[in-house]
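Here is the structure we will look at.
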Amino acid sequence: MALPEPIAKMKAAHKLLTEYTYEMRPVVRGYANRTLHIDLGTLEIGEKPVTQQMKDIFTGGRGFGLKLLWDDVTPETKWNDPENGLVIANGPMGGTTAYAGLGKSTVVTLSPLTDNVVDSNVGGYFGPFLKFAGFDAMSITGKAEEDVVIFIDGDTGKVTIESAPLDGVDAHLTGAYLTRMYAGDEKNQRNVSVMATGAAAEHIRYAIINATWYDVRRKEIRMKQAGRGGTGRVFRDKKIKGIVVRYSAMSGKANGAADLALVRKAGARFNWEMTNLDDKQNQMKKVGTANIVEIMDHFDLLPTYNFKFGMHDETPQIDSSVWKSRFTQGLPDGCWLGCTMSCSHGVDGHPIQTGPYAGQKVLVDGPEYENAAGLGANIGNFDPDIVLELNFYCDTYGIDTISFANSAAFAMECYEAGILNKEITGGLELNFGNGWAAVELLHQMAKGEGFGVIVGQGVHYMKKYFAEQYGGDPKFLHDIGMEIKGMEISEYGTKESLAQQGGYGLATKGPQHDEAWLIFMDQVQNLLPTFEDKAEALHYFPMWRTWFSLHGLCKLPWNDISPENNADTAEPAKVEEHVENYCWVHEGVTGIKVTPDDLIAQSERVYNFQKVFSMRMGRIGREHDYPPYRAMGPVTEEEYLSRAERYDGQLRELVGVDPENLSTAEKMAKLREYRENQYELLLDAVYKRRGWDMNSIPTVEKLKELGVDLPEVVEVVEKARK
């Protein structure tokens, strides 16, 4: 079947720059047992074996990505240096189809947003197909002289690099065109996955990478995002237009499991829960992660107006009932084969109103909770059509929805505070609630012009820029700037959850909720009353959540559906039956019998290695582990007065101060002193539990205990402690 005219024209313009042929061999017990290495500057392609030591220490996925990046860079390497690696890694359990959510991969690189190592997980078919094509990870260094497409052909055992002068950049088109181009015919599109970004990735710091899969029922390309830390900016800095992998021999046995029956045993238990319990619990099959919008609002946790508030009267306009009515129901919406959770929903045929695709009807992937909350309440927008417009353009332009939402909300608060004006913004009225102005910021980012480019540099950049250029008060800007370590905070209010403040502040890459989400345990259920309790939770849950990224798993099947008796177990938050499932899947795939403690040990090794890696790149010390004060308490009198009864009560009961004769400013100062002191005590407790010193540095003894006391790792720690 001939290619459509525009695709045929693009393909004809491609020029082969180099190719590499490799031996095709099966995956054995979850590992392809080699990694792919590409230098775009020299056009060299090669492979390296995966050693047993690498498996023992780093496991796979994020661990492999971190190790390969460590080997690529030096302490002096910057994100836009040629030697910075863009590493994409799957994991040993990833690609298995007999259990839900086993299709993830992890992108690791030095971040243009945080100036340090970052990892970002992504769904879609790319990670599994990369493994089955022959590689547990691929590392891309150097910079191409012209725009290129990298093609890994698991059907023929060949890797090529081709120039791509005519190919577009925006992800929804690039993904579709490259899929069709390299599939050869329409039917084979299900065997191709593409990584691509968008036009904004050439201009902003928080650009994403999209990974595709072909939805055979919709007959359209779907996308998931490696959304955090600016991975897409590195992608385009290397002049990559797309990375394509093809694998046409897919089967349930492709991952080479040692005992597939044991994996199926775990899968059957989980699938029963999805069939019989999902509709009573979170309705992941019908609405996905957006099911919690109204729950967050109810508990005063929904970020509203740059995290000033936690609820809003108009939230019902963007809650789960709205998205449930818009999502196409009854489709198997899994982003990997065999995932019965099926939570990757989309709005079909949505009419776009602005920008280059105005008048077209498109498939919008999502919104997920983060998009509904960030592109909705956090910028004061309660119009679902604008949420979808923002969602679509963020994806296709290659823009992180979380970072964009927080950056736009920060700029809006600065506009309303008088730090910015229409002259500075180029005529944009950046008041909270002006969703169409937020859409215009996206179009400016894609074109590389206007105030949108400044917003596209992120909150950390804007705090300094607005102080220096527009006279903003640096202290106020720091207090309201919702970022830590340069990365914008995920869309959950944390003022009343000390544990969640620590979860964000202590996260090595920056405040992403995939590391620790403790709000309900801490704030709603009051299960963590002491500092020791909080520290234990801030040890276990970050380690447990890290484990998913080592193996190529999505965390949603772990705790977004629960066994019937889960509430009656000793520790319901751990969902112990599901942990047992993962032990079975691990043994079934790798042949290695494990306990829950063994799984945590795998993570703790990689977690501490990543911490040392961040130190190697210059982030040393306790000073980096603090959230902005708005994540801890009220910054403005408006915030205090909106919850005056709550805050006055806390002054009496917790601080021991009678607020009766105090001004609002005096009350705020007393409350701030108390909350900041509580956070210091939390840090002390967490460092102690993790085996770190009081300056947030892992001890050599801890590294030895974990078996990650490699000479180059110990050298970094010893140098930092001098």
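Here is how the numbers come out for the structure above:
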quantity	calculated
Residue tally, condition of a type outside the set (Gly, Ala, Ser) and surrounded by 24 or more Cβ atoms within 10 Å (Cβ to Cβ), over region 377-390	7
Failed condition for LYS509, given (1) out of contact with any strand residue (DSSP E or B) (no Cβ under 7 Å at 6 or more places or on another chain); (2) surrounded by 20 or more Cβ atoms within 10 Å (Cβ to Cβ)	(1)
Among (1) touching a residue at least 60 places away in the same chain (Cβ under 8 Å); (2) part of a strand (DSSP E or B) - the single one THR96 does not satisfy	(2)
Number of the condition not met by SER562 [criteria: (1) surrounded by fewer than 20 Cβ atoms within 10 Å (Cβ to Cβ); (2) polar (S, T, N, Q); (3) under 22 Å from LYS253 (Cα atoms)]	(3)
Among residues of region 565-590, those that are of a type in the set (Val, Ile, Thr) and surrounded by fewer than 17 Cβ atoms within 10 Å (Cβ to Cβ), counted	1
Residue list for region 448-488, restricted to those being of a type in the set (D, E, K, R), in a loop (DSSP other than H, G, I, E, B) and out of contact with any helix residue (DSSP H, G or I) (no Cβ under 8 Å at 6 or more places or on another chain)	GLU449
Qualifying positions in region 554-578 - free of Cβ contacts under 8 Å to residues at least 40 places away in the same chain and over 25 Å from LYS224 (Cβ atoms)	ASN565, ASN566, ALA567, ASP568, THR569, ALA570, GLU571, PRO572, LYS574, GLU576
Meets criteria (of a type in the set (Asp, Glu) and crowded, with 24+ Cβ neighbours inside 10 Å) for ASP170	no
Candidates LYS361, LYS324 - the one that is at pLDDT 95 or above, surrounded by fewer than 24 Cβ atoms within 10 Å (Cβ to Cβ) and more than 19 Å from LEU390 (Cβ to Cβ)	LYS324
Subset of region 591-618 (residues that are surrounded by fewer than 16 Cβ atoms within 10 Å (Cβ to Cβ) and polar (S, T, N, Q))	THR595
Number of the exception - GLN500 against (1) of a type outside the set (Asp, Glu); (2) within 30 Å of LEU654 (Cα to Cα); (3) touching a residue at least 24 places away in the same chain (Cβ under 8 Å)	(3)
Members of region 268-310 that are of a type outside the set (S, T, N, Q) and surrounded by fewer than 16 Cβ atoms within 10 Å (Cβ to Cβ)	ALA268, TRP272, LEU277, ASP279, LYS280, HIS298
Of all residues in region 462-505 being of a type in the set (A, V, I, L, M, F, W, C) and under 30 Å from LEU528 (Cα atoms), the one that is surrounded by the fewest Cβ atoms within 10 Å (Cβ to Cβ)	LEU498
MET138, sole failed condition from (1) within 22 Å of the chain's Cα centre (by Cα); (2) among the hydrophobic types (A, V, I, L, M, F, W, C); (3) in a loop (DSSP other than H, G, I, E, B); (4) within 20 Å of THR18 (Cβ to Cβ)	(3)
Counted residues, region 220-240 - those being part of a loop (DSSP other than H, G, I, E, B) and either at pLDDT 95 or above or outside the structural domain of ASP167 (by TED's automatic domain parsing) (or both)	5
Where a residue in region 14-25 is among the hydroxyl-bearing types (Ser, Thr, Tyr) and its partner, wherever it lies, is surrounded by fewer than 12 Cβ atoms within 10 Å (Cβ to Cβ), with Cβ under 7 Å and at least six apart	none
Conditions (1) free of Cβ contacts under 8 Å to residues at least 60 places away in the same chain; (2) assigned by TED's automatic domain parsing to the domain that holds LEU302; (3) of a type in the set (Ser, Thr, Tyr): number failed by TYR461	(1)
Selection from region 301-359 of residues that are in a helix (DSSP H, G or I) and under 20 Å from MET284 (Cβ atoms)	ILE318, SER320, SER321, VAL322, TRP323, LYS324, SER325, ARG326
Test for GLY46: is it over 30 Å from LEU599 (Cβ atoms), in a strand (DSSP E or B) and either modelled with pLDDT under 95 or not β-branched (Val, Ile, Thr) (or both)	yes
Residue match in region 392-409 (condition: of a type outside the set (Phe, Trp, Tyr), over 29 Å from PRO628 (Cα atoms), assigned by TED's automatic domain parsing to the domain that holds ILE454 and crowded, with 24+ Cβ neighbours inside 10 Å)	yes
Which numbered condition VAL108 misses (of (1) under 26 Å from LYS719 (Cβ atoms); (2) part of a loop (DSSP other than H, G, I, E, B); (3) not charged (D, E, K, R))	(2)
Selection count where residues are touching a Gly at 6+ places or on another chain (Cβ under 9 Å) and over 13 Å from THR289 (Cβ atoms), scope region 327-345	8
Residues (aliphatic (A, V, I, L, M) and in contact (Cβ under 8 Å) with a residue 60 or more places away in the chain) located in region 262-302	LEU262, VAL263, ALA266, MET274, LEU277, MET284, ALA290, ILE292, VAL293, MET296, LEU301, LEU302
Checking GLY427 against (1) surrounded by 20 or more Cβ atoms within 10 Å (Cβ to Cβ); (2) free of Cβ contacts under 8 Å to residues at least 12 places away in the same chain; (3) not in a helix (DSSP H, G or I), the condition it does not meet	(1)
Elements of type helices (runs of 4 or more DSSP H) in region 558-674, at least 1 residues being of a type outside the set (Ser, Thr, Tyr), in the same structural domain as ASN526 (by TED's automatic domain parsing) and touching a Gly at 6+ places or on another chain (Cβ under 9 Å)	576-590, 596-616, 637-642
Exclusive hit being without any contact (Cβ under 8 Å) to a residue 12 or more places away in the chain and in contact with a Leu (Cβ under 9 Å, 6 or more places away or on another chain), set LEU662, LEU683, LEU671	LEU662
Qualifying residue in region 122-145 (condition: basic (Lys, Arg), more than 20 Å from VAL194 (Cβ to Cβ), modelled with pLDDT of 95 or more and in contact with a Gly (Cβ under 6 Å, 6 or more places away or on another chain))	yes
Selected residue (only one of ILE204, ILE243 is assigned to a loop (DSSP other than H, G, I, E, B), touching a strand residue (DSSP E or B) at 6+ places or on another chain (Cβ under 8 Å) and touching a residue at least 60 places away in the same chain (Cβ under 8 Å))	ILE204
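The values are calculated or read from the model by the stated rules, or taken from the named source; none is laboratory data. Bear in mind that the values here come from a model prediction, so they are computed numbers and not experimental data. So basically every Cβ, Gly included, is an ideal-geometry build from the backbone, and we count neighbours across all protein chains shown.
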